[in-house]
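Contents: one structure, followed by commentary.
The values are calculated or read from the model by the stated rules, or taken from the named source; none is laboratory data. Fair warning: this is a prediction, and the values are worked out from it, not measured in the lab. When we count neighbours, we look across all protein chains shown, and the Cβ atoms used for this are built from the backbone with ideal geometry, even at glycine.
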Ligand code: 4GX
(Lines give C-alpha, C1' and ligand atoms only; values in the text may rest on other atoms or scores of the structure.)
Protein backbone atom coordinates (compact mmCIF):
# COMPACT_ATOMS: atom_id res chain seq x y z
CA UNK A 1 0.00 0.00 0.00
CA UNK A 2 1.35 3.42 -0.95
CA UNK A 3 0.56 6.40 1.25
CA UNK A 4 1.50 10.07 1.01
CA UNK A 5 0.77 12.43 3.88
CA UNK A 6 0.78 16.19 3.42
CA UNK A 7 1.14 17.82 6.81
CA UNK A 8 2.87 20.63 8.69
CA UNK A 9 3.23 18.22 11.65
CA UNK A 10 4.65 14.88 10.47
CA UNK A 11 5.87 14.05 14.03
CA UNK A 12 2.24 13.67 15.13
CA UNK A 13 2.02 10.49 13.03
CA UNK A 14 4.49 8.63 15.26
CA UNK A 15 1.42 7.89 17.41
CA UNK A 16 0.27 5.73 14.48
CA UNK A 17 3.56 4.50 13.02
CA UNK A 18 5.53 3.71 16.21
CA UNK A 19 2.96 2.51 18.74
CA UNK A 20 0.09 0.06 18.88
CA UNK A 21 -1.08 -2.80 16.68
CA UNK A 22 -1.37 -0.69 13.52
CA UNK A 23 2.29 0.36 13.77
CA UNK A 24 3.08 -3.20 12.63
CA UNK A 25 1.85 -2.30 9.14
CA UNK A 26 4.55 0.40 8.97
CA UNK A 27 7.30 -1.58 10.75
CA UNK A 28 6.74 -4.64 8.52
CA UNK A 29 6.90 -2.47 5.43
CA UNK A 30 3.30 -3.19 4.38
CA UNK A 31 2.89 0.56 3.88
CA UNK A 32 5.19 2.61 1.69
CA UNK A 33 4.77 6.02 3.32
CA UNK A 34 6.15 9.43 2.48
CA UNK A 35 5.58 12.74 4.27
CA UNK A 36 5.40 16.08 2.50
CA UNK A 37 5.67 19.31 4.45
CA UNK A 38 3.96 22.19 2.61
CA UNK A 39 6.52 24.49 4.25
CA UNK A 40 9.20 22.98 2.01
CA UNK A 41 7.16 24.11 -0.99
CA UNK A 42 6.73 27.67 0.28
CA UNK A 43 7.90 30.24 -2.24
CA UNK A 44 9.28 33.00 0.02
CA UNK A 45 12.27 33.10 2.37
CA UNK A 46 10.02 33.02 5.46
CA UNK A 47 8.47 29.72 4.28
CA UNK A 48 4.98 31.15 4.68
CA UNK A 49 2.15 28.68 4.11
CA UNK A 50 -0.81 30.70 5.46
CA UNK A 51 -2.19 34.18 4.93
CA UNK A 52 -5.14 36.40 5.91
CA UNK A 53 -8.48 35.77 4.14
CA UNK A 54 -9.55 38.11 1.31
CA UNK A 55 -12.67 39.97 2.42
CA UNK A 56 -11.45 40.06 5.99
CA UNK A 57 -12.51 38.10 9.02
CA UNK A 58 -10.75 36.05 11.66
CA UNK A 59 -8.35 33.18 11.15
CA UNK A 60 -5.88 32.26 8.46
CA UNK A 61 -6.15 30.40 5.17
CA UNK A 62 -3.64 27.87 3.84
CA UNK A 63 -2.15 29.28 0.64
CA UNK A 64 -2.84 27.51 -2.65
CA UNK A 65 0.72 27.42 -4.08
CA UNK A 66 2.57 25.38 -1.39
CA UNK A 67 -0.33 22.92 -1.08
CA UNK A 68 -0.74 22.52 -4.84
CA UNK A 69 3.01 21.83 -5.18
CA UNK A 70 2.93 19.30 -2.32
CA UNK A 71 -0.12 17.51 -3.76
CA UNK A 72 1.44 17.35 -7.21
CA UNK A 73 4.73 15.96 -5.82
CA UNK A 74 2.84 13.32 -3.83
CA UNK A 75 0.77 12.30 -6.89
CA UNK A 76 3.94 12.08 -8.96
CA UNK A 77 5.46 9.65 -6.45
CA UNK A 78 2.26 7.57 -6.48
CA UNK A 79 2.37 7.33 -10.29
CA UNK A 80 6.04 6.32 -10.13
CA UNK A 81 4.94 3.47 -7.85
CA UNK A 82 2.33 2.45 -10.44
CA UNK A 83 -0.63 3.73 -8.44
CA UNK A 84 -3.54 5.91 -9.40
CA UNK A 85 -3.36 8.75 -6.85
CA UNK A 86 -6.51 9.46 -4.86
CA UNK A 87 -6.31 12.75 -2.98
CA UNK A 88 -8.41 12.97 0.18
CA UNK A 89 -8.89 16.21 2.10
CA UNK A 90 -9.89 15.73 5.74
CA UNK A 91 -12.45 18.37 6.58
CA UNK A 92 -15.67 18.79 8.57
CA UNK A 93 -17.39 19.57 5.24
CA UNK A 94 -16.75 16.08 3.86
CA UNK A 95 -18.91 12.97 3.75
CA UNK A 96 -18.83 11.29 7.13
CA UNK A 97 -16.47 8.33 7.46
CA UNK A 98 -18.14 4.92 8.00
CA UNK A 99 -16.99 1.31 8.16
CA UNK A 100 -18.55 0.88 4.70
CA UNK A 101 -16.28 3.65 3.38
CA UNK A 102 -13.27 1.87 4.92
CA UNK A 103 -14.25 -1.43 3.26
CA UNK A 104 -14.67 0.27 -0.15
CA UNK A 105 -11.37 2.14 0.23
CA UNK A 106 -9.58 -1.12 1.04
CA UNK A 107 -11.01 -2.64 -2.15
CA UNK A 108 -9.56 0.23 -4.22
CA UNK A 109 -6.09 0.24 -2.62
CA UNK A 110 -5.72 -3.55 -2.69
CA UNK A 111 -7.46 -4.13 -6.03
CA UNK A 112 -5.79 -7.10 -7.73
CA UNK A 113 -8.09 -7.53 -10.76
CA UNK A 114 -6.86 -4.41 -12.52
CA UNK A 115 -3.54 -3.36 -11.08
CA UNK A 116 -3.54 -0.27 -13.37
CA UNK A 117 -6.32 1.33 -11.37
CA UNK A 118 -5.01 0.34 -7.92
CA UNK A 119 -5.33 3.45 -5.78
CA UNK A 120 -2.62 5.15 -3.80
CA UNK A 121 -3.79 7.41 -1.00
CA UNK A 122 -2.71 11.01 -0.67
CA UNK A 123 -4.06 12.56 2.53
CA UNK A 124 -4.13 16.33 2.88
CA UNK A 125 -4.14 17.46 6.51
CA UNK A 126 -5.16 21.10 6.82
CA UNK A 127 -4.41 23.51 9.65
CA UNK A 128 -5.86 26.99 10.26
CA UNK A 129 -9.44 27.87 9.27
CA UNK A 130 -9.48 26.60 5.70
CA UNK A 131 -7.54 25.90 2.53
CA UNK A 132 -7.71 28.20 -0.51
CA UNK A 133 -10.81 27.25 -2.54
CA UNK A 134 -8.82 27.18 -5.79
CA UNK A 135 -7.28 23.85 -4.78
CA UNK A 136 -10.76 22.41 -5.43
CA UNK A 137 -11.18 24.49 -8.62
CA UNK A 138 -7.93 22.97 -9.93
CA UNK A 139 -9.39 19.51 -9.45
CA UNK A 140 -6.52 18.57 -7.13
CA UNK A 141 -8.84 17.04 -4.52
CA UNK A 142 -10.74 13.84 -5.33
CA UNK A 143 -12.67 13.42 -2.11
CA UNK A 144 -13.49 15.37 1.03
CA UNK A 145 -13.91 13.23 4.11
CA UNK A 146 -15.00 14.05 7.67
CA UNK A 147 -14.61 12.02 10.85
CA UNK A 148 -17.91 13.46 12.11
CA UNK A 149 -19.77 16.64 12.93
CA UNK A 150 -17.08 17.96 15.23
CA UNK A 151 -14.27 20.46 14.67
CA UNK A 152 -10.68 19.69 15.63
CA UNK A 153 -7.60 21.89 15.22
CA UNK A 154 -6.11 20.10 12.22
CA UNK A 155 -6.53 17.24 9.79
CA UNK A 156 -3.77 15.07 11.35
CA UNK A 157 -5.87 13.34 14.02
CA UNK A 158 -8.72 12.70 11.52
CA UNK A 159 -6.17 11.25 9.05
CA UNK A 160 -4.71 8.99 11.75
CA UNK A 161 -8.18 7.87 12.78
CA UNK A 162 -8.97 6.98 9.16
CA UNK A 163 -5.66 5.16 8.68
CA UNK A 164 -6.05 3.21 11.92
CA UNK A 165 -9.50 2.03 10.81
CA UNK A 166 -8.13 1.14 7.37
CA UNK A 167 -4.88 -0.58 8.37
CA UNK A 168 -6.40 -2.77 11.08
CA UNK A 169 -8.38 -4.37 8.23
CA UNK A 170 -5.24 -5.24 6.25
CA UNK A 171 -4.32 -8.93 6.28
CA UNK A 172 -1.40 -9.62 8.62
CA UNK A 173 -1.69 -6.41 10.65
CA UNK A 174 -3.66 -7.79 13.58
CA UNK A 175 -2.70 -11.18 15.04
CA UNK A 176 -4.92 -14.22 14.30
CA UNK A 177 -6.92 -13.96 17.51
CA UNK A 178 -7.70 -10.35 16.81
CA UNK A 179 -8.58 -10.96 13.14
CA UNK A 180 -11.32 -13.32 14.26
CA UNK A 181 -12.67 -10.63 16.55
CA UNK A 182 -12.35 -8.11 13.81
CA UNK A 183 -14.53 -10.21 11.49
CA UNK A 184 -17.38 -10.22 13.95
CA UNK A 185 -16.78 -6.56 14.66
CA UNK A 186 -17.05 -5.35 11.06
CA UNK A 187 -20.24 -7.35 10.67
CA UNK A 188 -21.45 -5.79 13.89
CA UNK A 189 -20.64 -2.30 12.65
CA UNK A 190 -22.40 -2.75 9.32
CA UNK A 191 -25.49 -4.20 10.92
CA UNK A 192 -25.98 -4.33 14.66
CA UNK A 193 -23.92 -3.42 17.70
CA UNK A 194 -21.90 -6.16 19.34
CA UNK A 195 -23.25 -8.32 22.17
CA UNK A 196 -22.07 -7.93 25.78
CA UNK A 197 -18.84 -9.65 26.81
CA UNK A 198 -17.67 -11.27 30.05
CA UNK A 199 -14.44 -12.78 31.33
CA UNK A 200 -13.31 -14.26 34.65
CA UNK A 201 -14.32 -14.21 37.46
CA UNK A 202 -17.83 -15.73 37.23
CA UNK A 203 -19.00 -13.42 40.01
CA UNK A 204 -17.77 -9.82 40.27
CA UNK A 205 -19.15 -7.90 43.26
CA UNK A 206 -22.90 -8.70 43.12
CA UNK A 207 -23.01 -9.55 39.40
CA UNK A 208 -22.68 -13.01 37.85
CA UNK A 209 -22.01 -14.01 34.23
CA UNK A 210 -25.23 -15.05 32.39
CA UNK A 211 -25.44 -18.82 32.99
CA UNK A 212 -26.02 -19.67 29.31
CA UNK A 213 -22.43 -18.56 28.57
CA UNK A 214 -21.18 -21.26 30.97
CA UNK A 215 -23.48 -23.97 29.56
CA UNK A 216 -21.23 -25.14 26.71
CA UNK A 217 -24.33 -25.24 24.45
CA UNK A 218 -23.02 -23.37 21.40
CA UNK A 219 -26.38 -23.10 19.63
CA UNK A 220 -27.97 -21.58 22.73
CA UNK A 221 -25.01 -19.24 23.17
CA UNK A 222 -25.37 -18.02 19.56
CA UNK A 223 -29.07 -17.25 20.08
CA UNK A 224 -28.33 -15.47 23.37
CA UNK A 225 -25.60 -13.35 21.78
CA UNK A 226 -27.79 -12.43 18.80
CA UNK A 227 -30.52 -11.31 21.22
CA UNK A 228 -28.00 -9.31 23.28
CA UNK A 229 -26.87 -7.62 20.07
CA UNK A 230 -30.45 -6.75 19.15
CA UNK A 231 -31.16 -5.44 22.65
CA UNK A 232 -27.95 -3.38 22.76
CA UNK A 233 -28.73 -1.87 19.36
CA UNK A 234 -32.38 -1.20 20.20
CA UNK A 235 -31.43 0.65 23.40
CA UNK A 236 -28.36 2.57 22.21
CA UNK A 237 -28.78 3.08 18.44
CA UNK A 238 -32.36 2.53 17.30
CA UNK A 239 -31.44 4.05 13.92
CA UNK A 240 -29.27 0.99 13.24
CA UNK A 241 -32.25 -1.33 13.89
CA UNK A 242 -34.24 0.56 11.25
CA UNK A 243 -31.28 0.44 8.85
CA UNK A 244 -30.76 -3.31 9.35
CA UNK A 245 -34.50 -3.86 8.81
CA UNK A 246 -34.48 -1.80 5.59
CA UNK A 247 -31.54 -3.86 4.33
CA UNK A 248 -33.30 -7.13 5.10
CA UNK A 249 -30.78 -8.11 7.75
CA UNK A 250 -33.35 -9.01 10.42
CA UNK A 251 -34.84 -12.53 10.50
CA UNK A 252 -38.38 -13.45 11.59
CA UNK A 253 -36.88 -14.64 14.89
CA UNK A 254 -35.08 -11.28 15.30
CA UNK A 255 -38.32 -9.37 14.69
CA UNK A 256 -40.21 -11.58 17.15
CA UNK A 257 -37.59 -10.98 19.81
CA UNK A 258 -37.56 -7.20 19.18
CA UNK A 259 -41.36 -7.05 19.35
CA UNK A 260 -41.35 -8.90 22.71
CA UNK A 261 -38.73 -6.48 24.06
CA UNK A 262 -40.54 -3.39 22.73
CA UNK A 263 -43.63 -4.61 24.61
CA UNK A 264 -41.71 -5.03 27.87
CA UNK A 265 -39.60 -1.85 27.55
CA UNK A 266 -42.21 0.39 25.94
N1 LIG B 1 -13.02 15.62 9.95
N2 LIG B 1 -10.74 19.65 10.73
C3 LIG B 1 -9.61 20.47 8.68
C4 LIG B 1 -9.34 22.89 8.31
C5 LIG B 1 -10.66 23.30 7.67
C6 LIG B 1 -11.48 24.30 8.23
C7 LIG B 1 -12.66 24.62 7.60
C8 LIG B 1 -12.17 23.04 5.92
C9 LIG B 1 -13.00 24.01 6.44
C10 LIG B 1 -12.06 17.52 10.49
C11 LIG B 1 -13.16 16.66 10.71
C12 LIG B 1 -11.78 18.82 11.13
C13 LIG B 1 -10.57 20.97 11.34
C14 LIG B 1 -9.72 19.35 9.72
C15 LIG B 1 -10.48 22.05 10.29
N16 LIG B 1 -11.04 22.70 6.53
N17 LIG B 1 -11.31 16.90 9.59
N18 LIG B 1 -9.45 21.79 9.30
N19 LIG B 1 -14.20 16.87 11.53
O20 LIG B 1 -12.50 19.17 12.02
O21 LIG B 1 -11.91 15.76 9.25
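Okay, here's what the table says:
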{"item": "Filter result (near the ligand (Cβ under 6 Å from one of its atoms) and either in a helix (DSSP H, G or I) or closer than 12 Å to residue 89 by Cβ (or both)) within the range 132-153", "result": "146"}
{"item": "Residue 26, sole failed condition from (1) surrounded by 19 or more Cβ atoms within 10 Å (Cβ to Cβ); (2) within 15 Å of residue 123 (Cα to Cα); (3) more than 16 Å from the ligand (Cβ to nearest atom)", "result": "(2)"}
{"item": "Hey, residue 81 over 17 Å from residue 159 (Cβ atoms) and either within 16 Å of the ligand (Cβ to nearest atom) or surrounded by 12 or more Cβ atoms within 10 Å (Cβ to Cβ) (or both) or not", "result": "yes"}
{"item": "Number of the exception - residue 45 against (1) in contact with a helix residue (DSSP H, G or I) (Cβ under 8 Å, 6 or more places away or on another chain); (2) surrounded by fewer than 16 Cβ atoms within 10 Å (Cβ to Cβ)", "result": "(1)"}
{"item": "Positions within the range 95-120 being buried (at least 16 other Cβ atoms within 10 Å of the Cβ) and either away from the ligand (no atom under 16 Å from the Cβ) or without any contact (Cβ under 8 Å) to a residue 60 or more places away in the chain (or both), in sequence order", "result": "101, 106, 109, 118, 119, 120"}
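To keep it simple, each residue is scored yes or no on (1) modelled with pLDDT of 95 or more; (2) more than 30 Å from residue 108 (Cα to Cα); (3) surrounded by 14 or more Cβ atoms within 10 Å (Cβ to Cβ).
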residue: 156; (1), (2), (3): yes, no, yes
residue: 178; (1), (2), (3): no, no, no
residue: 182; (1), (2), (3): no, no, yes
residue: 197; (1), (2), (3): yes, yes, no
residue: 205; (1), (2), (3): yes, yes, no
residue: 211; (1), (2), (3): yes, yes, no
